[in-house]
Every structure is written in C-alpha cells, then in structure tokens.
Amino acid sequence: MHDTPLQPARGAAAQAPATSGRRLLRLTADLSATGEPALWALGGALAFGVILIAGFLFMISLNGIVTFWPKPIERVELASGQVIAGEPTRAGRYRVGQDVLAKLSGEQRAMVQAQDGYADRTLYKTANFDLYGDDFRWVSDYERKNVTAPNDFYLFERQQWGTFVGRIKHLAIDGKPAAFDYRLMQREQSAARKRFAQIRQIERGDIGAVNYQLDQQRLAIRKAVLRHGEDSPQAKAVAARAQSRIAELNKTFAGLQERLKEIRAHDQRYKATLEEVGGRTVDLELSQIVRFYPANELSMIDKIGIYLSRWWEFLSSEPREANTQGGVLPAIFGTVAMTLLMVVFVAPFGVITALYLREYARQGRLTSIVRISVNNLAGVPSIVYGVFGLGFFAYTLGGGIDALFYPERLPNPTFGTGGVLWASLTLALLTVPVVIVATEEALAAVPRSMREGSLACGASKWQTIRNVVLPKALPGIMTGMILAMARGAGEVAPLMLVGVVKLAPALPVDGFFPFLHLERSFMHLGFHIFDVGFQSRNSEAGKPMVFVTTLLLLALIVAMNAGAIYIRNRLKRKYSGPQF
Amino acid sequence: MSTATAAPQEHRSAETAYHIKAGTEGIALDIRDFNLWYGKSQALFDINMPVQKGLVTALIGPSGCGKSTLLRCLNRMNDLIDELRIAGEIRTAQFDIYGPGVDVIALRKRMGMVFQKPNPFAMSIFDNVVYPLRVDGIGNRAILEETCERALRAAALWDEVKDRLKDSALGLSGGQQQRLCIARGIASDPEVLLMDEPCSALDPIATAKIEDLIHQLSGHYTIVIVTHNMQQAARVSDNVGFMYLGRLIEYGDTDTVFVNPKLTQTSDYITGRFG
C-alpha cells in the first residue's frame, strides 16, 4: 500500500515493450538532462577569460622584460652613400608608395617589384638626438647596401640629450689628452659619476636646505607684518632677527656656491670626445655619461650586468630626459604613499558608514534609497570625482586652509592646489562605495546566533558590535579594502586634476618639519605611463618605458594586494577556527 | 491556581490544566495573562505560568507552538524583532520584566541564556567565559580568573580545558562548546538560566553530559528549558509545560504529566499519536 506512487511507472515499463516494441527507459541519460552543453559553455567562458588575461599579462611582461636588454649596434651603408649606425629595434613589411617608387633607381625598383610591390624595413635607433634631431630612422631593404657590426661602436647613456651611438676618439684626463682605453675610461667615468652625485647633493640637499630656511625667514617677516601691522615694534623685532639670520644663510649659500664651482671646474677637466658614424664629434664630460658599453663586444655576463644595472637604475633613481629614461622612484613612492593614505581615509569612513547603515539605521525606504545611491556612486566616471576633488577639496577646503593658516604665503597656494592629500581624499571618495558595500555584506553575514549570544550576556548593542560582530566581519571588510585599493592604485584620470604632475620637484616626504608634506604634488605610475607614452617629444623612445612602467605598476598593485590578502588570511584564521 | 480567561476556541479541548508541585522556595518568574503578536498574527495566547524557584521547568510542544518565543520573552531577546507587541506581564520577585523603566541590559545579566546551536565567540576560552563580566566593566584579573574557574567547574568543563584557556574556543568540540556556553551563561551568577533546545545539535554522549549538568545546576539556579525531546524533558525537569498553537495546554509536575496527564491532548502528544 505504501508504495503506490511507484505503481504507474512500473506498469508503463512493463507494458511498453509489448505495445510499441520501443524501450521507453534509455540506459543513458539525456544530454540536456546532464547539463553537458551548459558545462561546455561555462567552461568555455572561463577559458576565454583566462586566455585574455594570460595573453595580456604575457604581452606586458614580454615587452617589459626585454626592454633593458642591451642590443647590438649595426652600421649600415645606404645606397645614397650615407652611413648610419644604431640599434635595430623592430622590423616590418610595407607596400611602397608610387611616388617613392618613381624616385628609385632601376635596380631598386626591380627589387621591390620582385616582392610584389612590398619592401621590408627596419627601424634603427640611431640616437644622437642633439645632432640628428631625431632618435629613429626607418631603413628599407632596397636602400641597404652593406651591414656590419663594428666592434669599436659604443652606446652611451647621457645625462642629457638621451643616448649617443658612436666611437670614442680620445679622452682628456685631468686636463691632459689621453689615448682611449676602455678600462681607464670606465674607472674615470665611475669617479666622475661620484663627482656628479656630489654636485647633486650640494644643489639639491645643502642649497635646498638653505633656500628652505631663507624662505622660512621671509615668511616669518611676512607673518609678523600681517599679524601686527607694517610698522609695529613686534614686526620690526621679527624682521631684525630674520635679517641677521638671512645674512648668515647667505654666507653659507655663498660658501656652497664656491664649493660647487670648484667641483665643476675640476669636473670639466675630464672629458671624452665622441664621434658619430658620420664623423661629427661631441665633447662630453665623463660625469654626464650614465652608462656606456661596447655593444658588439659584450659577453653574456656583461649583458646580464647591464640589464640588472638598468633595472636597478629604473627602480631607484629619478627620471631624466622628459621621463623617457632613468628611473621612476618618485612615481613608485607617490603611488604607494597616495594609496596608503587613501586606505587610511577610506577605511574608517566606509566602515563607520556601513555600520550605521546596517546595524543602527531603521531599515526602511530611506535606508534603501541611501543604499542605492551608494551603489550608484560606484558607477560615476572617475573624472567626475576629479572635478569634484579639484573644486571642493583643493579650491574650497584648501583655499580656506590657506586663508586661515598660511596667509603669509599667498598668493602662492599651499593647500589650495592639487596635492597628495587631496588626491588621496578624492580617491577615498571614489572607492568608499566599494568599502561600504563589502562591509555591509560582511556585517550581514555575521550569524544572528553570535549577536544574540552576546546580547544575552548583558552586552549592549555597541559592546556586541565592538567585541563580536566587527572581529567576525573583519576578513570581509578587508576584502572590501583590497578591492578599493586595487581600484584606487590604478586610477589616473581624477589624479590629473588633483595633484599628479609630470615631474615632482620634491617627494612628499623629506627631512624638513613636518616631514610628511601632504600639500605637495606628486608623481604616479599610472600618469607616468600616460605621460611617457603620449606626452613626450618622442613616443617611439618612450614606448619601451611604457611597457616597463606598466609591468611595474601591475607588480606594485599585486604586491600591495598580496600584502592585504596575507593580513586578511591571518585575521580569518584568528577569528574563525574550525566551525562547529 | 488561577486559569486563563480567554474565550474557548475549537482547537482547544479544555482550559489549561495546572498541577505543579508545591513550590519550596516560591516563584521565580510569574507569567500572567501574557499575549504576544508578531505584526498582526498572534503567537502567544493568555499564558499563565508560575515558574518555581530552584526547579527545572521544561517547555514541550510541537514546532511553532511558541515555546521558544515564550522563553525569549523572559530575557526580552524578542526586543530585537520589529513589530512585536505584547500584553500581560512577567513578574520577577521585584519587578515586571516588561514594565516601564526596566533596564534590559541589567535584566539580561540576571538571566543566563544557552542557545540551540553552540555560539561561542571567536575569542579564547577564557575570554568567552568572562565575557559577561567584561561587558559589565570588570577588569580585575583575579576576579575574572576565579569566576572563569568556578563557571567552568560548574559546567563540568574545567578538567578538559584548564590547560588551554588561552586557545580559541572555536577549536572545541560541539559538546564542549555548548558546555562553554553554559559556563558563560552562569558566569555572572544569574538567577535564572534559560535554555533553548540546548542539546538539539549534539550527539547522545554530549547530550547526556549536558543533562547531568542540568541536574547539578538545578537547585542553585532556576532553569527554564525548551526541548523537543520527550525523554529529555522527563529526565531533567521538575515541572513540564505543554504548549500547543500558542497556548499553554497543561502545566504540572513532570511525573504526573508524563505518567498520568490530565488532558487527552497532552497524552496524545506525549505518546506520539498527536497530529
């Protein structure tokens, strides 16, 4: 009696073969029933995504990793009789235009026609921008007469004017002419670089400090005048004190100038005369040569050494040559500092907002509207936040701060212009919806039983949230922070309005009180990519830097996220052991 | 004992039958004419139930009959629910729990509570036990340590965890976690211990340990326990209240209710013939 529901099925199976001769029950399940086609679609979508991301990473890595590898130098004799020398950077095939074809000699035309009107060409980095007015030159195969790889061609990375390709004619060591010797030149060049660093240190560090103090004195006078009036005894006393200090500082300044002149004069006595492939020569102080090597005579170990030293320079020094060469240390520093500041602002703000919204606010229409608005804020284009940041933070708030606290510096703005503080606040505003949403979800996921357990112990609502809910929700909140960080670190558009610059004169952190200068503008890797790739005088020269900087930005974001994920996992282990 | 005065309805065969034991120490909680509504639907009807001091009172009945709701009214845990309305009163010796000006937090400190699922906090065992004292602002290490040991001994957990008080409470087994929750419930030395199906998520051995514990604690604390398990109610309780559809049907001493119930409805439920 109890198995009645099975009866019809059993009956049908038994009768089917007798009536129709067909089996109604198949041995294999229907394809649609097992979900097999859906499985293929789902897996395919995943595979597509993975391939896209892997391809993207592969492209960036490949282009970024090879950039610093030293390339050989080719000397090319052209049909026109001209000779060029440079690094072959890339090659391609193109269709030769009719007007060009018309100008070619018969032999060359035959060559092109043999290839159906196409020709191969190679882009040479000829460098020597100061002499040629260009860094690159395309050479088509029909123009090329003879290609050699001469051993006496060197590649020089210069402090100014970029790269130089050519021979070394002779040296001047301590004012006396000397025959060229690679070892000698290497030794003298590294000594000259030390002098260069010394000059830099005096210019930037010592003279910078004197200038800073001079500025402080000037501002002190101005402040006293603004506060007490032009002819008041207080202002006069301050001015007198400041004047004596200024005189002192000026003496120091003159001393430093003197010392600088000495070193420079000494430096002038060490020079190299370089000769480009066409025979024109350039005199160059050894201290102006950042790096030089015989491109066609390098062993593998030499190449690895140059490769690593270029990476080190990239990571540890300041940019030169309109950001297309040198390092990106200020940009790395700016990116990290701004992102961390942003986290400092967004974390409490977002978490507190979410706490109120989820735990205290009466859940009703108003909270729904607030919640929807917050979610919509995440979709506002970031440049809009940039405009808001500039208008509200920099001009209104910053202008107000200047008027109140820095009247003596006006009309030069202190906080009233873009700076790392306003940039991180703008980004905090941009990312706060992410944090709010993640925190709300994390709070909602805390089991009711835990809250009740705490309340039943006589804990107040705040004690419950503080001791039980927040610790339990912390990993989820951290996930929100990680998402916000990833978004914020990669954002560029709003930063261009609120404080990012092409070349920052000083880092936001230095040795002068208060050490952390939140009002200063800064450099950012994302903007650096844009600037090098699209704003420099020579985008071809900047292209490798674009990829390297992109690689670095990715690595930096991955590193910051990995750090945050590590912290989150530790918290997770701490707050949720093996659950019952 | 007085009886409820609600109008008779068809599902109710008779008015509540009362035959509780003569209280030795008086009444700990006196529930009088208690009604409760969730929004528009009424969940409790005219509950009249004196809970005797120092005894174990069990609430039994089918799912959804209002046992847990009634229990959670005793320490006002239901306050968290919006649109909740009550009528009637629950009196302790001194005051009405739902009276005006009652400090809910102070009230809950007098009522330890143990939940259906063990809910230790993500803290050390020690911090879990002394949590009620900590939120009360007691920071004296000596007092906390003494309380922790006393509560854990009372909850028969001391010997198992005394060497790892600093370890996370989440590393304990389910039965140990539940005894930890009991220790937490009695740490602030409350008058009443409320237990909402404390063994429903535990295996039989852990259940037996908890039941032993309830035996030991009775006398010292007034215990109100909600359970689905008839045998458990018979084993641990002194008085049993049988509830059905939001009404207290029969309330009396355990031996009588289980051996010789006054109402057929009760005996139907107890013998499993119900519904």
Take the Cα radius of gyration of chain B and divide it by 2.2 N^0.38 Å, with N its residue count; two decimals is plenty. 1.01
Can you list the aspartates and glutamates whose alpha carbon sits under 18 Å from that of residue A:251, skipping same-chain ones fewer than 8 residues off? A:203, A:206, A:215, A:262
Report in % the part of the accessible area of the stretch A:74-158 that belongs to carbon and sulfur, leaving out ligands and nucleic acids; probe 1.4 Å. 46 percent
Expressed in square angstrom to the nearest 10, the accessible area of residue A:487 with a 1.4 Å probe stands at 70 Å²
Sorted from largest to smallest, which semi-axis lengths in Å does the alpha carbon gyration tensor of the stretch A:169-306 give for its equivalent ellipsoid, taking the root of 5 times each eigenvalue? 50, 16, 12
Listed residues A:327, A:180, B:261: farthest to the positive end of the dipole of the protein assembly as shown (Cβ charges): A:180
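Just for the stretch A:43-202, what percent of DSSP beta bridges are antiparallel, to the closest 5?
If I count the DSSP bridges inside the stretch A:43-202, around 100 percent turn out antiparallel.
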Taking Cα pairs closer than 8 Å and at least 6 residues apart, the relative contact order of the stretch A:169-306 in percent is 36 percent
Using only the alpha-carbon atoms, what does the stretch A:74-158 span along each of its principal axes? Please give whole angstrom values in decreasing order. 42, 22, 20
Three principal axis lengths of the stretch A:103-214 [C-alpha, angstrom, descending]: 71, 39, 18
Show which lysines lie in cross-link reach of residue A:145 when reach means a straight Cα distance below 22 angstrom and same-chain residues fewer than eight apart are skipped. A:71, A:103, A:125
Per residue, how much accessible area does the protein assembly as shown show when a 1.4 Å probe rolls over the protein heavy atoms, in square angstrom? 49 Å²
In what sequence, largest accessible area first, do A:280, A:109 appear using a 1.4 Å probe? A:280, A:109
Given chain B, what percent of its DSSP beta bridges are antiparallel, to the nearest 5? 50 percent
Among A:372, A:216, A:392, the residue whose Cα sits farthest towards the positive end of the charge dipole of the protein assembly as shown (+1 at Cβ of Lys and Arg, -1 at Cβ of Asp and Glu, taken about the Cα centre) is A:216
Heavy atoms of residue B:220 accessible to a 1.4 Å probe, total area in Å² rounded to 10: 130 Å²
Given +1 on the Cβ of Lys and Arg, -1 on the Cβ of Asp and Glu, and no further charges, what dipole in debye does the stretch A:424-559 carry about its Cα centre, rounded to the nearest 20? 280 debye
Rg(Cα) / (2.2 N^0.38 Å) computed for the stretch B:29-154, rounded to two decimals: 1.22
Over the whole of A:457-468, what's the average partner chain Cβ count within 10 Å per residue? Rounded to a whole number, please. 6
Please report the spacing between the Cα centers of the stretch B:148-165 and the stretch B:39-59 in Å, no decimals. 33 Å
Could you check what % of the DSSP bridge pairs in the protein assembly as shown are antiparallel, to the nearest 5? 75 percent
For the cross-link pairs A:271/A:543; B:166/B:209; A:223/A:261, which exceed 29 Å when the distance is taken from alpha carbon to alpha carbon? A:271/A:543; A:223/A:261
Karplus-derived 3J(HN,Hα), 6.51/-1.76/1.60, for each residue of the stretch A:178-192, Hz, glycine and proline x: 9, 6, 6, 9, 4, 4, 4, 5, 4, 4, 5, 5, 5, 5, 5
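Can you tell me the relative contact order of chain A? Whole percent, Cα pairs under 8 Å, sequence separation 6 or more.
Working: 789 pairs, mean separation 78.7, N = 580.
Reported as a whole number, the value is 14 percent.
State the Kirkwood hydrodynamic radius of the stretch A:335-522 in Å, one decimal place, computed from all pairs of distinct Cα atoms.
Over the stretch A:335-522, the inverse of the mean reciprocal pair distance is 18.1 Å.
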Cross-link partners among aspartates and glutamates for residue A:472, C-alpha distance below 18 Å, same-chain residues fewer than 8 apart left out? A:359, A:440, A:441, A:452, B:127, B:167
Read phi for every residue in the stretch B:30-44 and hand back ³J(HN,Hα) as whole Hz from Karplus 6.51 cos²θ - 1.76 cosθ + 1.60, θ = phi - 60°, with x for Gly and Pro. 10, 8, 10, 6, 8, 10, 9, 10, 9, x, 9, 8, 8, 9, 10
Using a 10 Å cut-off on Cβ to Cβ distances, tally the other chain neighbours for every residue of A:446-453 and report the average as a whole number. 5
Given charges of +1 on the Cβ of Lys and Arg and -1 on the Cβ of Asp and Glu, with all other atoms neutral, how large is the dipole of the protein assembly as shown about its Cα centre, in debye to the nearest 20? 1140 debye
Heavy-atom SASA rank of A:299, A:317 (probe 1.4 Å, accessible area, largest first): A:299, A:317
Cα-only Debye scattering, the protein assembly as shown: base-10 log of I(q)/I(0) at q = 0.07 Å⁻¹: -0.84
Select from A:509, A:406, A:468 the residue farthest towards the positive end of the dipole of the stretch A:335-522; place +1 on Cβ of Lys and Arg, -1 on Cβ of Asp and Glu, and compute about the Cα centre. A:468
Ignore the peptide's own chain and count Cβ atoms of other chains within 10 Å of each Cβ in B:122-131; give me the average, rounded. 3
For the stretch B:149-230, Kirkwood radius (reciprocal of mean inverse C-alpha pair distance, Å): 13.0 Å
Taking amide H positions as placed in the peptide plane 1.01 Å from N, state which residues far from residue B:19 in sequence (5 or more) or on other chains have amide H under 5 Å from it. B:251, B:252, B:253
Just read off the accessible area of residue A:83 with the full protein assembly in place, 1.4 Å probe, to the nearest 10 Å². 40 Å²
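For the stretch A:75-129, what relative contact order do you get, as a whole percent, if you take Cα pairs closer than 8 Å and at least 6 residues apart?
Averaging sequence separation for qualifying contacts and normalising by length gives 47 percent for the stretch A:75-129.
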Sort A:525, A:429, B:202 by accessible area with a 1.4 Å probe, largest first. A:429, B:202, A:525
With r as the distance between the Cβ atoms of residue A:301 and residue B:106 and R0 = 60 Å, compute the FRET efficiency 1/(1 + (r/R0)^6) and round to 0.05. 0.15
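The values are calculated or read from the model by the stated rules, or taken from the named source; none is laboratory data. None of these values were measured; they are calculated from a predicted model. No Cβ is skipped: glycine too gets one built from the backbone with ideal geometry, and neighbour counts run over all protein chains shown. Note: areas computed on protein heavy atoms with side chains; ligands, DNA, RNA excluded. Shrake-Rupley method; radii C 1.70, N 1.55, O 1.52, S 1.80 Å.
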